[in-house]
Amino acid sequence: MSVILVIAAHPDDEILGVGATISKKISNGDEAFALILGEGQTSRGDKRENTPPEAIASLRENSISAGKIIGFTQIYFEDFPDNRFDSVDLLNIVKTVEKYLKLIKPNILYTHHAHDLNIDHRITSTAVLTATRPIENYPVEEIYAFETVSSTEWNFGDKNKAFYPNVFIDIEEHFLKKCDAMKKYKSELCSFPHPRSLEMLEYNAKRWGGIVGKRYAEAFELLRKVE
């Protein structure tokens, strides 16, 4: 059995990026946890403090409901400011990630692509790689980067920052669970043709699946693997 930790910047990233893969791995006997670093929602108004606390609470309830569909053992929440991770000392985020690594002791880890358009995603990636420095007897054996639709594909202008996956997971039997989980995020799910619509999630899964001869797939960049 593997112990898996998904480290995401915002509520719903854990479903968008890796939801079906986690569902599949849990069905095969693995155990999975999620850490969501940011509060979500608070960047949508003029000022962070104008976001009603109940909006953040509701979003966390959505995360918990979605996580139950996927099968996460537990979802942990921190409250770094939404789309303002760059206003926080990176060391604070690194130390937070280290805290959960010590608690959960995962041997497989998933996190954001390093060059997403979203600043929180990029800082999360940097914090994770910093916190998982390969020192002696460290538990993390595999680290993968996932794409987050409506962020990864929107970073135009530099092909060297594009998402180039080299690991593909057949999710045909688990794609509907991903969709059901995403439906729990009522404030995040959008209408077609937005990338966070159910139709676009299906198109994306078919796109990656077709590339490797499967009906549906999720795609990842292998960042490090130690055997």
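We did not get these values from a lab; they are worked out from the coordinates using the rules stated. In this text the structure is predicted, and so the values were computed from the model without any measurement. We place every Cβ from the backbone using ideal geometry, glycine too, and count neighbours over all the protein chains shown.
For the stretch 120-218, the list of trypsin sites (Lys or Arg not before Pro) that fall in a loop by DSSP and count at most 14 other C-beta atoms within 10 angstrom reads Lys186, Arg215. Once you have a ≥ b ≥ c as the square roots of the Cα gyration tensor eigenvalues for the stretch 69-180, tell me rounded if a/c is under 1.5, and otherwise prolate or oblate according to whether a/b is larger than b/c. Rounded, because the longest to shortest axis ratio a/c is under 1.5.
Based on other C-beta atoms within 10 Å, arrange Met1, Met182, Met200 from fewest to most. All intermediate terms of the calculation are to be shown ahead of the outcome.
Values: Met1 9, Met182 21, Met200 17.
Lowest count first: Met1, Met200, Met182.
At q = 0.18, 0.19, 0.27 Å⁻¹ the log10 of I(q)/I(0) for the stretch 132-179 amounts to -0.86, -0.90, -1.04, computed by Debye summation with a single uniform scatterer per C-alpha, solvent ignored. Pick from Ala131, Ala145, Ala20: which is most flexible by mean-square fluctuation in a GNM of the chain where alpha carbon atoms under 10 Å apart are linked? Evaluated over the chain, the most mobile residue of the options is Ala131. Can you tell which of Asn92, Asn62, Asn137 shows the greatest fluctuation in a Gaussian network model of the chain with Cα springs below 10 Å? Judging by the Gaussian network model, the answer is Asn137.
Calculate the FRET efficiency for Ile64 and Asp158 from the Cβ-Cβ distance with a Förster distance of 30 Å, rounded to the nearest 0.05.
Numbers: r = 37 Å, r/R0 = 1.23.
Calculated transfer efficiency: 0.20.
In the elastic network of the chain, a GNM with C-alpha springs shorter than 10 Å, the most mobile of Asp158, Asp120, Asp79 is Asp158. Electrostatic bookkeeping for Phe72 treats Lys and Arg as +1 and Asp and Glu as -1; over the other residues with beta carbon under 15 Å from its beta carbon, the sum is 0. Once C-alpha pairs closer than 8 Å and six or more residues apart are averaged by separation and normalised to the residue number of the chain, the relative contact order reads 24 percent.
Within the stretch 45-151, the GluC sites (Glu not before Pro) that combine a DSSP coil assignment with at most 12 other C-beta atoms in a 10 angstrom radius are Glu136. Centre-to-centre separation between the Cα atoms of the stretch 85-100 and those of the stretch 148-227: 26 Å.
What number in nm² do you get for the chain if you take the convex hull of its Cα atoms and divide its surface by four?
Details: hull surface 49.3 nm².
Average projection, Cα convex hull of the chain: 12.3 nm².
Taking 0.36 nm per residue of separation and subtracting the current Cα-Cα distance, fully stretching the chain between Ala57 and Phe192 would add 45.9 nm. Each Lys or Arg adds one and each Asp or Glu subtracts one; over the other residues with Cβ under 12 Å from the Cβ of Tyr185, this totals 0.
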